[in-house]
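Shown next, in structure tokens, is the structure this report addresses.
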Amino acid sequence: MPSIFTRIIRGEIPCHKLREDERFIAFLDIRPINPGHALVVPKLEVDYLFDLPDDLLRELLIFARPVAAALKAELPCLRIGMIVAGLEVPHAHLHLVPINGEGELSFAQARPADQAELKRLAAAIRARL
């Protein structure tokens, strides 16, 4: 059964896309820890991040870098934190989270986001890419 991320990649489930190429996609999380919380996902459906082929594992961070820069430019934060938990969806992915302190990197803070705000924020971030 395809993961929810595979269904997003196929266009079966809508998302607030930030960036995409033939190997990766980045989009806003609908339950963000902080505004601008984004997911970076390889299109190859592999459950565990460290099971990705070497080239994809390496290129995932390279693909994520401009997304992180756009998030930092658009949102008031000190850093873009990164979480690799991998338990919530069986498809390798990175969480990029705008933060002002390490204590903010907790899924306990995640709350459903307003869809209109996600749409507005995605457009602003895409404009910086």
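Show the residue pairs that are 6+ apart or on different chains and have beta-carbon atoms under 8 Å apart, the first residue being within segment 103-123 and within 20 Å of Glu88 (Cβ to Cβ), the second being loosely packed, with under 14 Cβ neighbours inside 10 Å.
What qualifies is Phe107/Ala85; Phe107/Glu88; Ala110/Arg31; Arg111/Arg31; Pro112/Arg31; Ala113/Arg31.
Restricting the search to segment 87-105, which residues are open to solvent by 30 Å² or more (accessible area, probe 1.4 Å) and either within 25 Å of Leu52 (Cβ to Cβ) or not small (Gly, Ala, Ser) (or both)?
Leu87, Glu88, Pro90, Asn100, Glu102, Glu104, Leu105
Across segment 1-29, what is the total count of residues that are in contact (Cβ under 8 Å) with a residue 24 or more places away in the chain, crowded, with 18+ Cβ neighbours inside 10 Å and within 29 Å of Leu78 (Cα to Cα)?
9
For segment 52-86, which residues satisfy the criterion of being closer than 22 Å to His16 by Cα and out of contact with any strand residue (DSSP E or B) (no Cβ under 9 Å at 6 or more places or on another chain)?
Ile62, Arg65, Ala73, Gly86
Does at least one position in segment 55-64 carry a residue that is open to solvent by 60 Å² or more (accessible area, probe 1.4 Å) and in contact (Cβ under 8 Å) with a residue 40 or more places away in the chain?
no
The values are calculated or read from the model by the stated rules, or taken from the named source; none is laboratory data. Everything numeric here is computed off the predicted structure, so don't read it as measured data. Quick reminder, even Gly has a Cβ in these numbers, built from the backbone with ideal geometry, and neighbours come from all protein chains shown. Protein only, heavy atoms only, side chains kept; ligands, DNA and RNA dropped before computing areas. Shrake-Rupley method; radii C 1.70, N 1.55, O 1.52, S 1.80 Å.
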